[in-house]
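Reviewing the structure listed below.
Throughout, read-outs are computed from the coordinates displayed, never taken from laboratory work. Predicted model only: the values in this text are computed from it and were never measured. Heads up, the Cβs are rebuilt from the backbone with ideal geometry, glycines too, and the neighbour counts pull from every protein chain shown.
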């Protein structure tokens, strides 16, 4: 079995760990409850319309289709390759160990092929669905931060009259909402720590071995294997790219809140309002960052590090192979 297939074997126990960590712990329930409470907050944007939320959700749906489409297409390419080119040699679509002899028994061979053809897309969808849950959490946090910025911009302390505390109350509600958003970001970080950390390591190793395999293949003579490996690389890359992208968006949107608050009309408010804004501004200086175990940040910089590590491993493997 090739080194690429050895690494793929690690993905199944990791998938079991991912299911346990995501569905059987209480973190996801807490995050869902926190999201449910935050989505009820009336100070976020125009709650009667929520145009920003609707627009961002539509964009998310398009990305979701691509996210789920790639693994399914990769599985189909692998199955078609096996049935078209490898069937005479009794090779399975997905090379793995089974405890029965399928090479010398035709019914056993087809039984194994059917199990793999049905099971592989289902497991791929389950695997990517769990990833999509974490991405969805970061997506909603990012959108609510954007709506939060819209609410900050709409504050009008210059229109406050004597004994009128309406705008001050809105500001206090914003402060409470921001605290809840920071708490939600902390819960998301705790939730994805284990899975993202292991996924980052596996992605670097699998991308390295898959890229090295591509350099040894001839597109003319081994086109099916070349195409299958290419789509597998793309699938692995997108699987690690999307969490990094949405984690990075959360950080960027959070960084803008302090600037948005500074450019609001707070200078026209009374002394009490100005003091509240000053304290709030100090609190917003520390942006919300999604991280694994507090030191591996889920952002584009981490994605770049993974890609650099992949290239370094590839260069090392290539150098060793040439000797």
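Here is how the numbers come out for the structure above:
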item	result
Residue 55 paired with residue 316, simple spin-label distance in nm, labels 7 Å along Cα-to-beta-carbon	4.6
Which of 266, 110, 97 has the fewest Cβ neighbours within 10 Å, and the rest in rising order	97, 110, 266
Approximate spin-label separation residue 275-residue 201, in nm, with each point projected 7 Å along Cα-to-Cβ	5.2
Residues listed by number, the stretch 197-229, amide nitrogen under 11 Å from residue 84 label point at 7 Å toward C-beta	223-225, 227-228
Sites residue 32 and residue 260, calculated FRET efficiency, Cβ-Cβ separation with R0 30 Å, nearest 0.05	0.60
Separation of the residue 72 and residue 105 label points, Cα + 7 Å toward Cβ, nm	3.4
Cut-off 15 Å (backbone N to label point 7 Å along Cα→Cβ of residue 293), residues of the stretch 100-139	none
Structure-based [θ]222 nm, the chain - -39500 (n - 2.57) summed over DSSP H runs of at least 4, per residue, nearest 500	-27000 deg cm²/dmol
Residues 52, 181 arranged by fewest to most Cβ contacts within 10 Å	52, 181
Per-residue Cβ neighbour rank within 10 angstrom, fewest leading, 189, 124	124, 189
